[in-house]
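S.K.: I have a structure I would like to understand better, so I am pasting it below and will then ask my questions one at a time.
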Amino acid sequence: MSWVVLVIAGVLEAVWSLGLKYTHGFTRPLPSVLTGTAIVASMLLLARAARTLPIGTAYAVWVGIGVVGAAIGGVVLFGETMPAPRVVFILLLVVSIVGLKLTSAA
């Protein structure tokens with residue numbers, strides 16, 4: 001169950017990082033509230049997952065999911081480019097996340 005919670009926390013991290021673009025420096029109320037809510041929820045879920053998972057693993061997976069989600073979201077939502085080297089490095093992150101899961105004792 002901790003891994004499911006951690007994945008949700010990582011997805012919320014991607015959501016809030018993408019949401020920062022919509023807040024315009026926290027000057028737009030609704031996107032700011034939604035982004036802030038995603039930040040808090042993401043942190044709370046990370047903390048919950050870290051009760052049973054090693055903190056180094058939990059944090060690395062949380063950040064990795066957020067980075068991959070933000071990179072893909074940037075392409076989809078904001079038209080950012082995704083050159084081949086960037087794809088390779090994102091795939092390396094995915095491999096690292098899976099590797100951390102497979103080698104975790106929890």
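Bear in mind these aren't lab numbers, they're just calculated from the coordinates by the rules spelled out. Quick caveat: nothing in here was measured; it's all calculated off a predicted structure. A quick note on method: Cβ atoms are made from the backbone with ideal geometry, for glycine too, and the neighbour counts reach across all protein chains shown.
S.K.: Could you grab me the full set of residues in segment 68-99 that are under 23 Å from residue 39 (Cβ atoms) and either in contact with a Gly (Cβ under 9 Å, 6 or more places away or on another chain) or not in a helix (DSSP H, G or I) (or both)?
M.R.: Selection gives 68, 69, 80, 93, 97.
S.K.: Which of the residues spanning segment 29-50 are of a type outside the set (A, V, I, L, M, F, W, C) and touching a helix residue (DSSP H, G or I) at 6+ places or on another chain (Cβ under 7 Å)?
M.R.: 31, 32, 35, 42, 48
S.K.: If residue 3 meets every condition in (1) over 25 Å from residue 104 (Cβ atoms); (2) surrounded by fewer than 17 Cβ atoms within 10 Å (Cβ to Cβ) apart from one, which number is that one?
M.R.: That leaves (1) as the condition not met.
S.K.: Taking segment 6-57 as the search range and keeping residues that are of a type in the set (D, E, K, R) and surrounded by 17 or more Cβ atoms within 10 Å (Cβ to Cβ), which one is farthest from the chain's Cα centre (by Cα)?
M.R.: Restricting to residues being of a type in the set (D, E, K, R) and surrounded by 17 or more Cβ atoms within 10 Å (Cβ to Cβ), the top hit is 48.
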